[in-house]
1. Can you list residues whose amide H is under 5 Å from Asp55's amide H, if they're 5+ apart or on another chain and H is modeled 1.01 Å from N?
2. Of all the accessible heavy-atom surface of the range 61-166, with the other protein chains kept in place and a 1.4 Å probe, what percent is carbon and sulfur?
3. Hey, if you put +1 on the Cβ of every Lys and Arg and -1 on every Asp and Glu Cβ in the range 24-108, which of Leu40, Pro91, Cys54 ends up farthest toward the positive end of that dipole?
4. Taking all protein chains together and a probe of 1.4 Å, list Arg127, Arg166 from the most accessible to the least accessible.
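The values are calculated or read from the model by the stated rules, or taken from the named source; none is laboratory data. Keep in mind that this is a model prediction, so the values were computed, not measured. Cβ sites come from the backbone with ideal geometry, for glycine too, and all protein chains shown count toward neighbours. Areas reflect the complete protein model, heavy atoms only, side chains present, ligands, DNA and RNA absent. Shrake-Rupley method; radii C 1.70, N 1.55, O 1.52, S 1.80 Å.
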Amino acid sequence: MRREPEIPPRNSYIISRMGPTREFHTACQEETYREIRSMLDELVDTYYDDAEHCDFYVKYGSTIIEISVEPWEEDNAAVEVLAFCVQGVKPTAELMRELLALNAEIKIGAFSLVDEDVFFSHTFVGRHLQGPQLLASLNAVATTSDLYDEQIVSQFGGETADERLRNWSRRTRQAGASAQ
């Protein structure tokens, strides 16, 4: 029997404005999602709960962290902690070599390049999730991304996630002012 989600009061306005909530594919996925939401309530001051897509977003330094909870196997969940490291970078052979070299050195997580965006992520099994496990993954991904994002931008171009958000916000405000 599917239970209705328990929504923390401070985040209820975000979820209610988003429309229908996501249907969970496994009981473990639903349980893991709720556990992560509860842990985030205790660990961070502000986060965005995208219930429709089963994702959470947290800002850390110059990066944005996405925590996704996906079904895995018959009754389990995969938790991916992903940093939006650099956007709008030209994908070159030199950049790919650099990311592969970093991946060989870094113990937890890996860089990836999708189109013109560089991500850093770590994935683990959600069953029996413990707070220290989530916190360790958040710290590893956020710290690594924050450490390398500006270096990647200075060597290869693009923008950090924070720069992208600020520039988008500035363009949106200017477009609104121009329309008036």
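1. Amide H neighbours of Asp55, under 5 Å, 5+ apart: Asp50.
2. That share works out to 53 percent.
3. Positive-end residue among those listed: Pro91.
4. Accessible-area ranking of Arg127, Arg166, largest first: Arg166, Arg127.
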